[in-house]
Amino acid sequence: MKKKLILLSVIAMAALATTGCTKRCRCISYNTSVDYFTPEEVSALGKTCSEMRYLDGLSVQRYSVCEWVYGE
């Protein structure tokens, strides 16, 4: 019984390791369209994910919310 539990634990951990988890910045606009940005794209713009809501140089919001999501 103990060997089965260990085997199932190893299989579950292997499955999680192979599926991977991608981190992306999800921005939802006011018309409910969704745009995704990679961490590299966000850092290239010199912003954080939450700062992606605003247009460059303006205090006008382009998106209603921007947040990090994993594995979508």
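No lab work stands behind these numbers, since they all come straight from the coordinates. It should be emphasised that the depicted structure is a prediction, and the values quoted were computed from it without experimental measurement.
Hey, could you get me the Stokes-Einstein D for region 25-72, Kirkwood radius over alpha-carbon pairs, 20 °C and 1.002 mPa s, rounded to whole µm² s⁻¹? Answer, rounded: 198 µm²/s. Here's the list of lysines a cross-link from Lys47 could span, going by alpha-carbon distance under 25 Å and ignoring same-chain residues fewer than 8 apart: Lys23.
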